[in-house]
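Have a look at the structure below before the remarks.
The values are calculated or read from the model by the stated rules, or taken from the named source; none is laboratory data. All figures in this text were calculated on a predicted structure; none of them were measured in a lab. So basically every Cβ, Gly included, is an ideal-geometry build from the backbone, and we count neighbours across all protein chains shown.
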Amino acid sequence: MSQAILPKPPAGKSWKEINQERKALKRQRNEEKILKREKRLAWEKEVEEKEQEEIEKEKKYAEISSVSIAIPGSILENAQSAELRTYLAGQIARAACIFCIDEVIVYDDIGDKLNTKKSKMEGVDGVKVARKSCVQLARILQYLECPQYLRKHFFPLHKDLEFAGLLNPLDAPHHLRVSNDFKFREGITMNKKVKPGRGSLVNVGLLQDVSTDKLLNPGIRVTVRMLPSQEGSKKLKGKIVSLTTPRAETGVYWGYTVRIANNLSQVFTQSPYKNGYDLTIGTSDKGSSIDNLPNKELNYNHALIVFGGLHGIEAALESDEQLQIDEASLLFNHYINVLPNQGSRTIRTEEAVIVALSSLRSKLKAQNEPVLFKETGVATSSSFPSENNPTVPEMSLDLSRFD
């Protein structure tokens, strides 16, 4: 029998040395595989921890203390002209912005006892049918809160907004210009094609749209965290966050939300907060004096301040068939008179809002107060330059119009 002829080993090496080299290479490849697997697992764990951290942050941000005000829509019906109705709504919006109100509730304090016209308005929860004056007030409040570069997308021509050009702008911090460089911006998701696996393009009021991390339906208003651009890349990238994140993270006031309640009881029962309002305050000339409230003693997480219309909160209670109580004061933790010994027989609602919020500033104590805003980049006054942002040269200001 012929014996199998073994191949000759390479010159200068024995089979033993070759086998040892092969085993070493195999061991090296296995070690590299293990290292790659460990790196991948470490990366996946890091991503998971970051996601969990973001979730925890969102939960924490959602718990930031808030102040809501409830305004009757009927106050517009007491105005003598369409221009005055619009201007009255603008006064409410200005007061809400100045005092950093988080939510404005427009409620119907008359109900269906009087045959009044109804109107429709699209909201987050769908189309809302309510008293015409309530819808008009809510629409103007939403219009003024919306950044200027987004208004054409969310507010088509409407009779309720016919005289909106007369109104003073809110000049809120989130009404950012192109020149403002801030880490958050409000935007609208665009109806543009994106590559698979990528998020929606969002118009945030800059010269180009921002590529985000989530794919959403077009036409949705979102809050975007602007991410630092990579070296050599001109593309803008961002991450969609909750509406409460900018204020919770930086302390900057980020506007108010608006909802409509068809009666007084819906002001309480349809609260957007999980546990509702833990501090409720009613305002009336029949209430106890605000001077009796001690400073910083009204602890709250989500506070609600309710204002009455021409005939007060008592009239709203009487017209609400859902509430079976006789005394309006029983609805609230505190029923107060915001200005005792007033000189006029009546205080108009738009005046009461400013008086009450001014007086309550020293009385309220937030459980989870936002941090104090110390950053830069938000919109500043368009009339006068600040020390940190001297965008308007001092010598170019024409002060003659103030003489």
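Data overview
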item	result
Among residues of region 170-188, those that are surrounded by fewer than 15 Cβ atoms within 10 Å (Cβ to Cβ) and either at pLDDT 95 or above or in a helix (DSSP H, G or I) (or both), counted	0
Region 277-300: number of residues that are touching a His at 6+ places or on another chain (Cβ under 7 Å) and surrounded by fewer than 16 Cβ atoms within 10 Å (Cβ to Cβ)	1
Residues of region 301-333 that turn out to be over 30 Å from the mean Cα position of the chain (by Cα) and within 25 Å of SER65 (Cα to Cα), as a count	2
Complete set of residues in region 77-114 that are part of a helix (DSSP H, G or I), polar (S, T, N, Q) and surrounded by fewer than 17 Cβ atoms within 10 Å (Cβ to Cβ)	ASN78
Hits in region 184-208 - residues which are closer than 16 Å to PRO147 by Cα and under 21 Å from the mean Cα position of the chain (by Cα)	PHE184, ARG185, GLU186, GLY187, ILE188, THR189, VAL202, ASN203, VAL204, GLY205, LEU206
GLU21 in a helix (DSSP H, G or I) and within 31 Å of the chain's Cα centre (by Cα)	no
Meets criteria (closer than 18 Å to ASP291 by Cβ, among the hydrophobic types (A, V, I, L, M, F, W, C) and over 27 Å from the mean Cα position of the chain (by Cα)) for VAL338	yes
Residues of region 322-347 that turn out to be on the phi < 0 side of the Ramachandran plot and out of contact with any Leu (no Cβ under 9 Å at 6 or more places or on another chain), as a count	11
Residues (farther than 21 Å from ILE240 by Cβ and either assigned by TED's automatic domain parsing to the domain that holds VAL224 or surrounded by fewer than 20 Cβ atoms within 10 Å (Cβ to Cβ) (or both)) located in region 149-160	LYS152, PHE155, PRO156, LEU157, HIS158, LYS159
Answer from ALA70, ALA79, ALA62, ALA130 - the residue that is at pLDDT 95 or above and aliphatic (A, V, I, L, M)	ALA70
Residue within region 329-337 that is outside any loop (DSSP other than H, G, I, E, B) and small (Gly, Ala, Ser) present	yes
Failed item in (1) outside any strand (DSSP E or B); (2) touching a strand residue (DSSP E or B) at 6+ places or on another chain (Cβ under 6 Å); (3) assigned by TED's automatic domain parsing to the domain that holds SER74, with PRO218 passing the rest	(3)
Spans of strands (runs of 3 or more DSSP E) in region 229-300 with at least 2 residues within 20 Å of the chain's Cα centre (by Cα)	236-241, 257-261
Residue in region 60-76 that is farthest from the chain's Cα centre (by Cα), counting only those that are surrounded by fewer than 17 Cβ atoms within 10 Å (Cβ to Cβ) and assigned to a helix (DSSP H, G or I)	LYS60
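A quick yes/no check of all residues on (1) out of contact with any strand residue (DSSP E or B) (no Cβ under 9 Å at 6 or more places or on another chain); (2) within 23 Å of GLN91 (Cα to Cα); (3) at pLDDT 90 or above; (4) not polar (S, T, N, Q):
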{"site": "LEU330", "(1), (2), (3), (4)": "yes, no, yes, yes"}
{"site": "GLN342", "(1), (2), (3), (4)": "no, yes, yes, no"}
{"site": "LEU357", "(1), (2), (3), (4)": "no, yes, yes, yes"}
{"site": "LYS365", "(1), (2), (3), (4)": "no, no, yes, yes"}
{"site": "PRO370", "(1), (2), (3), (4)": "yes, no, no, yes"}
{"site": "THR376", "(1), (2), (3), (4)": "yes, no, no, no"}
